[in-house]
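This report refers to the structure that appears directly beneath it.
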Amino acid sequence: MAKPHPPHRPPSRHGRTNLASCIVALIFLIFVVIVVLIVYFTVFKPKDPKIAVNAVQLPSFSVSNGTVNFTFSQYVAVRNPNRASFTHYDSSLQLLYSGSQVGFMFIPAGKIDAGRTQYMAATFAVQSFPISDPATGRGIGVGMVSEPGSGPGMGMGMGMGIGPQFGGGGLFGGYRAGPTMEIESKIEMAGRVRVLHFFTHHVEARAGCRVSIAVSDGTVLGFQC
């Protein structure tokens, strides 16, 4: 004789309450994650620092037998736009002429606080190197360049200030005639930014400038970065 099946019992109210609580908790957790992501990508998203070259100087300059020798100075401002400190590793400043490195300066590791700008000055002696023969037209040329402060777009020369931009006529589009040489400076700074004390991100900043120099006396005619 078959035993009768026990009567079907509907789900208890306690079980339905637990299920509803789990669903509410899951929805709240998803909401919190979405809010954190929105805040992260709008407020705390890491940004690369910015390097601005404020001035370039040649405190000493000499030319002898087609070989140039000078001291190079560059003044930069490094801005950290993040809401956390920027810790940078050992970096470098390179000086190039006709694609070859002629100068180098080591920049030690350091830290720039959140939202702050750090000003740096780099001065180093450049080893003597030959400049191209003006007759060949390589590396050194004769152009019309305005005296500092006398033409449009000019205004620095060997003094400090925001560097003039390259103009449309020749290198700078001005009025001073004479042989000029062009060098290139490159600065790179890489490091990390730690967001919310948990997330570490790699960031880096670069700046490259072309500097035009009067071969006759080493006057910095202008630079473009």
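Right, residue 184: under 30 Å from residue 87 (Cα atoms), modelled with pLDDT of 95 or more and either open to solvent by less than 10 Å² (accessible area, probe 1.4 Å) or in a strand (DSSP E or B) (or both) or not? Spelling it out, residue 184 is indeed under 30 Å from residue 87 (Cα atoms), modelled with pLDDT of 95 or more and either open to solvent by less than 10 Å² (accessible area, probe 1.4 Å) or in a strand (DSSP E or B) (or both).
This table checks each residue for (1) among the charged types (D, E, K, R); (2) open to solvent by 20 Å² or more (accessible area, probe 1.4 Å); (3) under 19 Å from residue 223 (Cβ atoms).
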{"position": "58", "(1), (2), (3)": "no, no, yes"}
{"position": "118", "(1), (2), (3)": "no, yes, no"}
{"position": "123", "(1), (2), (3)": "no, yes, yes"}
{"position": "128", "(1), (2), (3)": "no, yes, no"}
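Considered as a group, the residues in the stretch 97-111 that are over 16 Å from the mean Cα position of the chain (by Cα) and in contact (Cβ under 8 Å) with a residue 40 or more places away in the chain include one that is least open to solvent (accessible area, probe 1.4 Å), and that residue is 97.
Within the stretch 108-139, take every residue that is assigned to a loop (DSSP other than H, G, I, E, B) and at pLDDT 85 or above and give me the one that is nearest to residue 96 (Cα to Cα). Across the stretch 108-139, the extreme among qualifying residues is 131.
The values are calculated or read from the model by the stated rules, or taken from the named source; none is laboratory data. Owing to the predicted nature of the structure, the values given are computational and were not obtained by experimental measurement. Neighbour counts run over all protein chains shown; Cβ positions are idealised from the backbone, glycine included. Accessible surface areas use protein heavy atoms only, side chains included; no ligands, DNA or RNA. Shrake-Rupley method; radii C 1.70, N 1.55, O 1.52, S 1.80 Å.
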